[in-house]
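Below: one structure, written as structure tokens.
Please treat every number below as a calculation from the coordinates, not as lab data. Being a predicted model, the structure only gives us computed values, none of them experimental. In this analysis, Cβ positions are derived from the backbone assuming ideal geometry, glycine residues included, and neighbour counts consider all displayed protein chains.
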Amino acid sequence: MIEVSGLTKRFGTYTAVSDLSLRVEPGRIYGFLGPNGAGKTTTVKMLTGLLRPSAGTARICGFDVASDTLEAKRRLGLVPDEPFVYPKLTGAEFLRLTGDLYEVPYEVQRRRVPELLEMFELTGFGGELLETYSHGMRQKVVLASVILHEPKALILDEPLVGLDPKSARMAKEIFRTMAARGAAIFMCTHVLEIAERICDRIGIILGGRLVAEGTLAELRSRSGPAAQGRSLEEIFLELTGGQEYAALLKNL
Amino acid sequence: MRPFLRTFSLLSARKARSALNGVRSMSGWEWVRNLAFGAMGLWMMEGLRWGFFRLLSYLDALPLLGPLLIWKLVAMAMLTTFSMVIVSSLVISLTSFFYAEDLRWLVRAPVPLRALFADKAVETVFFSSWMIVLVILPMILALAQVKHLGPGFLAAFFALLLPALALSCAGGMAFTLVLMAAFPSSRTRDAVWILSSLAAASVYVFVRAAEPERLVRPDAMQLVSEYLRYLQAPTAPRAPSWWLTEGLAAWVGGAREVFWLRAAWLYGAAGAAAAVLLALAGRLYARGYSGAQEGGRARRPIDIPPTPEARLRRLLGRWAPSAAATALFWKERTCFVRDVKHWSQLVLIAALIMVYLFSIDRLPLDTAELKSLVCFLNIGVAGFVLSSLGLRFTFPAVSLEGRSYWVARAAPLSVSQLMGQKLAFCLPPTLAVGTALVAASNHLLGADRFVSVLTLGTIWLAAFTLSAMGVGFGALFPRFKVENIHQVESSAGGFVYMACALGFIGLTLAAEAWPVKMHFDARLGRANAWDWRAAGLSALMLLVVNAAAAGLPWVLGRRALEAYEGD
């Protein structure tokens, strides 16, 4: 389970995330949406212990990320927005490193690493240095590394960027399967169609504040009777002021 | 020519604006911190200036030989300075021309490649030389003071320095450019890179083995006139460093026409080098850049057997470090070995050790007491070598996690474990180099048992302290987003580490000076030479100095890294 309560992050006088509270139950996928600079990545960094909150708490499976950091991290998997990986390791070695860091038994690694490489169609590249991989291939390796240690909570920051259509579809299936096995998944994405299809709940952040939250049906009903049948994209643009783009296009 | 100049000035303006924005966006704390480091730097430079002033004043007072010795010293310092600039430019140009982050964007933009190359060349000259210039500047200031020269002399120095630095870097840049274009395959390029390092190291060892210092010692010359001739002879007459020295000497001597002639040589040669480089860049840069985008194609097995670290962990049982720490150690070792840039450094270090021991062996020492005393003082020199190696390998260890730092940070691994693993990786080689330098020096000079045991124990302790200090300061000043390791070394943090490391070595020698004096008193027959309370106090001082030098940076670094929120 992922629980966030009053989470706030200030950089000097600038407040990137303000009083954020949400909850992701085991087996659920939470879509976290927002325009660029809204505070999504800052939230992800606080959830994963990469940033310390200025106020509030984030708990992973009951462990406070700030005080019970290691216990929280043992149960957590992260797919960051940029798949930076050690360039001088091979794909297979990176998976082994992740397996060791999360204390996955050697016998399990030996069986699972080739399986995961095959699943992501990386078998032919698994023995090559990561510096030769494309962005999408590195993203696949990071996804595979997360699956290897089977986290109870999964934080995904734009996990499908750079993936080819087949891999993107497979990744979506993987997320669904992991959720079905009991993982709580928190996913930041700009691809509203994906959020619409696979997320059980959706939160929309704007200027560091959560401006809307609920199931897609709840978001529609909150937007009034006229919103019935509208897509998530339309609701998102209405809530974040994105529909004013027509006025901006005059500068094109 | 116009598009070139227009683009070059645009690219230069972007750098100036970025620097200005960096200064403007500094917080109050950053201002305080940077001003404190600046003050510390100025204090160190003042220390160097004072030292040079004492030396040059002494030499200047020597009748007949004084002025000759001063200019010989300046020439040798300039030659050393420019040799160091050449070596730095070799490594820095590789990153700036072929692996810099902004290149991906700039190469795609309609920027003439020559303008881009020129922009990166200016960057290379700056990063290769700024620190070395800061070290040589106190000597020039001291020279100006001793010779009662005004600001005109400093202006003349800087006017000659700029083309001389550019010329020194031009060699390194041209080598890198040709290498990258000629060997597009990364494995061949790596092999050539290592062979070049081997060649440079061999030349260094051979030059040292020729014992040039025999020429510096008047007693090695048959006649006084021979010695005078040596002092008057040019030091590397074809090198820009000699033109610079001659130009400065001419300015001081009032021979303005010689000064302008040397300035014309320097600017002419720098202009010619720039023209040749730009012409080469037009033909080779695109090919080299394209080749640089390819990574190493060495295929390794997917089915990986347990690593030696994992096997050792099983053997150690409950005494073993955590699986995560062992895994990170394995990662560190593997990545280090696969990075060819480290290999070339290791080759040069091996050469340095050989030359070091050769120099120790050739020291003209007459008595056994003097030899043992030199063995004690050798801790200072060996400590300096370990500090320099620490600046290159230990201090950047945390920053070398680079943008992949998120992997370790998101993993169930504490910052202490991460730092401990860095220490575990850096300590053995530091210990080995320290032991090799001190034990071999003691053996070559025939140090007595007391000095041998003391120096060996001291260097082991110093190796540990310097490694912990390096990792600690590296964590206190992490730079995960730099493009090359030299940016980490030459950062404010690197400067603070080096200053503290040298201070620590000085304090170590000071703490041990008393017992060493008592030992020599006893050896020379003085009764009741040993005062055991004084010896105990020295030992306590040594322990306190080591605990503070290792512990403080470690604790501060750990806290800083735990609170780290990005560069």
Self-check item: For the protein assembly as shown, average projected area of the Cα convex hull in nm²
Solution: 41.6 nm²
Exercise. Could you work out the relative contact order of the stretch A:33-182, using alpha carbon pairs under 8 angstrom and six or more residues apart, expressed as a whole percent?
Key: 27 percent
Exercise. Could you list which residues have their amide H under 5 Å from that of A:L129, counting only those 5 or more apart in sequence or on another chain, with H placed in the peptide plane?
Key: B:A298
Quiz item: Across all directions of projection, what mean area in square nanometres is found for the Cα convex hull of the stretch A:88-149?
Solution: 3.5 nm²
Quiz item: Expressed as a rounded percentage, what relative contact order does chain B have, with Cα pairs under 8 Å and six or more residues apart?
Solution: 15 percent
Practice problem: Report the calculated FRET efficiency for B:W50 and B:M26 (r = Cβ-Cβ distance, R0 = 35 Å), to the nearest 0.05. | Solution: 0.65
Quiz item: So what is the 222 nm mean residue ellipticity for the protein assembly as shown from helices alone, if each DSSP H run of at least 4 adds -39500 (n - 2.57) and you divide by all residues, rounding to the nearest 500 deg cm²/dmol?
Solution: -22500 deg cm²/dmol
Practice problem: For A:E121, put the label point 7 Å out on the Cα→Cβ axis and report which residues of the stretch A:146-179 keep their amide N under 15 Å from it. | Solution: A:162-172
Quiz item: Relative contact order for the stretch B:1-125: what is it in percent, counting Cα pairs under 8 Å that are at least 6 residues apart?
Solution: 43 percent
Exercise. Report, by chain and number, residues whose modeled amide H sits under 5 Å from the one on A:R209, excluding near sequence neighbours (fewer than 5 apart, same chain).
Key: A:S18
Exercise. Compute the longest continuous run of chain B that contains no exposed GluC sites (Glu not before Pro); treat a site as exposed when its DSSP state is not H, G, I, E or B and it has at most 14 other Cβ atoms within 10 Å.
Key: B:295-564
Quiz item: Based on the Cα coordinates of chain B, what is the per residue volume of their convex hull in Å³?
Solution: 195 Å³
Exercise. Report, as an integer, the average count of C-beta atoms from other chains found within 10 Å of each Cβ along A:80-86.
Key: 5
Quiz item: What fraction of the Cα pairs in the stretch B:255-380, stated in percent, has a spacing above 23 angstrom?
Solution: 72 percent
